[in-house]
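Data block below; observations after.
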Amino acid sequence: MFIILIKAEEKIKTQKWVQTITTDSTSPPEGIFSKDAETIARVMARKDVSPKGIGSAIRMVQYFINRGWKGLSKSRKKELEKAKRLLQEKMKKKIEGALALNLSFSVSFNS
């Protein structure tokens, strides 16, 4: 019986680690994760919300999904996953644009 109580206390302690996490890099506005996917992606991609870039925004959305997974409705999970995909697409376009700009610069520079 004593061993079971210790294990239960350990389990409670390990489940609360997410409550102590703070971040300076991403500051989502209150209630943003209850909005539609397009709004979440647009707001999270802003420099004042995610000053370290879109990657930070993607990680914050994923963190919110992981933290609230069991308590989220299916429609909310779907909307958050869609917001994450939109952010990933935006990041991909940004990278592709930077690569294209870099290639055109090197071609025109060498010509």
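Kirkwood Rh over Cα pairs of the stretch 24-110 into Stokes-Einstein at 10 °C, 1.306 mPa s: D in µm²/s? Could you put the intermediate results ahead of the total?
Values: Rh = 13.9 Å.
Answer from the Stokes-Einstein relation: 114 µm²/s.
Using 0.36 nm per residue of separation minus the Cα-Cα distance, give me the extension gain between ILE95 and SER34 in nm, one decimal.
Net length gain for the segment: 19.1 nm.
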Worksheet item: Say each of ARG46 and SER27 gets a label point 7 Å from the Cα, pointing the same way as Cα to Cβ; how far apart are those two points in nm?
Response: 1.2 nm
Item to complete: Determine the alpha carbon to alpha carbon distance for each of LYS35/LYS77; LYS52/LYS92; LYS35/LYS93; LYS47/LYS90 and list only those over 20 Å.
Response: LYS35/LYS93
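Count charges around TRP69 for me, please; just the other residues with Cβ under 12 Å from its Cβ, Lys/Arg as +1, Asp/Glu as -1. List each step's numbers first, then the result.
On the way: positive: ARG67, LYS70, LYS74, ARG76, LYS77; negative: GLU81.
Surrounding charge for TRP69 is +4.
Laboratory data are not the source of any read-out in this text; all were calculated from the coordinates shown. Here the structure is a predicted model, which means the values were calculated and not measured. Counting neighbours? That spans all protein chains shown, and the Cβs are built from the backbone with ideal geometry, glycine included.
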